[in-house]
Structure formats: structure tokens, C-alpha cells
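Chemist: Below: one structure in C-alpha cells.
The values are calculated or read from the model by the stated rules, or taken from the named source; none is laboratory data. Note that the coordinates shown come from a computational prediction; the quantities given were computed from them, not determined experimentally. All Cβ positions, glycine included, derive from the backbone under ideal geometry; neighbour counts span all protein chains shown.
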Amino acid sequence: MQSETEIVVFDGATPHVDDREIETLLQKVYVGEGFTDPEIAKTAFVAATVRGRGRVFAVRDSESAELIGMVILAAPSSRMWRVDDEREAEVHLLAVSQDHRESGVGRALIEAVVRAARAERYVRLVLWTQPTMHAAQRLYERCGFVRCTQRDWARNGRPFWVYELVL
């Protein structure tokens with residue numbers, strides 16, 4: 001990641017990132033790369049729904065100002081929250097544009113979420129990923145997350161692997 005690239009934190013009340021940018025990035029990463037069914041994405045990736053998941057962290061390219069990465073810190077109050085322990089927060093929808101992978105953008109986003117979760121006094125961060133998301137799994141493991149197989153789950157026949165980070 002270039003040193004001048006900054007992580008911009010925003011929420012639904014302060015939209016530093018346009019709704020269309022969120023939808024476009026998620027479509028490119030999740031639908032375009034085969035991780036999400038296009039029919040599911042029609043509702044799951046609507047910006048209002050995405051923002052409703054929690055606090056959104058984003059990265060823009062320092063030269064073009066294009067949205068190149070985002071992730072969500074979902075609190076227990078999120079309607080998309082899946083874990084059982086209110087002392088835990090979840091990481092949702094990490095997305096980094098293909099042109100900016102391996103540049104540190106994903107790591108910077110995860111580190112920002114970890115700092116925020118610690119500041120909010122959560123005891124653990126939980127996330128889920130698909131078995132085919134190898135690059136994401138390597139990133140999570142490099143950031144200290146460990147597989148928690150007893151929490152794995154599936155939806156519509158699609159398996160999801162759970163990772164945790166004790167804060």
C-alpha cells in the first residue's frame with residue numbers, strides 16, 4: 001500500500017463514500033469473482049443494507065480517489081450479526097479491488113477494524129469466509145485470526161468457515 005493511501009472511516013450518517021461506490025466494489029469482488037450469487041447480491045449489496053450491518057471502513061486510491069477497499073465492523077445490534085456472544089463483534093464484507101491486492105490495503109482495513117473493536121472493548125472478533133477465499137484466509141491468519149471449525153456454518157448449500165481473533 002502506498003504511504004499516502006489513507007483509511008477513511010465513515011458510517012451511514014456521514015457518507016464519505018457514495019452508495020454506488022459501495023455497491024460497485026462489492027459486485028466486482030463478490031459477484032464478479034464467483035463468491036456471491038447475483039440474485040442474492042441484488043438485495044444483500046444494496047448500500048443501505050450494507051451500511052446497516054455496522055461501521056464501514058474504506059480505503060481510496062491516493063491518486064485516482066477511487067474506492068479500492070472496504071470492510072464492516074458489525075456490532076451485536078446489527079441485523080446481520082450471526083454470533084451468540086454480545087461481547088464479540090463481527091467482520092463483514094472485506095473487499096479489495098483486484099488491482100490493489102497484495103498492496104497492504106486488506107491488512108490496513110483489518111488492522112483498523114481490530115483497533116476499533118479493541119477501543120469498543122469487545123473480547124473477540126469473529127468473521128466467516130468461504131473455503132475458496134484462499135487469499136483472504138492467508139490475510140486473516142497473518143493478522144492473528146485462527147480457524148474455529150466448531151462455529152462453521154452453511155447457507156443454501158454454501159459452506160462458511162469461521163475465524164476468530166481474541167482481543
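Chemist: I'm checking my understanding of the structure. Among residues of region 131-165 that are of a type in the set (K, R) and at pLDDT below 95, which one is nearest to T36 (Cα to Cα)?
Modeler: For region 131-165, the residue satisfying everything is R158.
Chemist: Within region 90-104, restricting attention to residues that are of a type outside the set (S, T, N, Q) and assigned to a helix (DSSP H, G or I), which residue is surrounded by the fewest Cβ atoms within 10 Å (Cβ to Cβ)? Steps first, answer last, please.
Modeler: So the first thing to find is which residues in region 90-104 are of a type outside the set (S, T, N, Q), and the list is 90-96, 99-102, 104.
Filter again for assigned to a helix (DSSP H, G or I), leaving 99-100.
On the way: D99: 9, H100: 18.
Ranking the candidates gives D99 first.
Chemist: Of everything in region 44-78, what is aromatic (F, W, Y) and either at pLDDT below 85 or more than 10 Å from the chain's Cα centre (by Cα) (or both)? Give them in sequence order.
Modeler: Filtering region 44-78 for residues aromatic (F, W, Y) gives 45, 57.
Within region 44-78, just F45 meets the criteria.
Chemist: So, in region 105-130, how many residues would count as being within 12 Å of C143 (Cβ to Cβ) and either among the polar types (S, T, N, Q) or outside any helix (DSSP H, G or I) (or both)?
Modeler: Going through region 105-130 one residue at a time, the tally reaches 2.
Chemist: Just the residues that are farther than 18 Å from T24 by Cα and of a type in the set (K, R), please, taken from region 93-115.
Modeler: R107, R115
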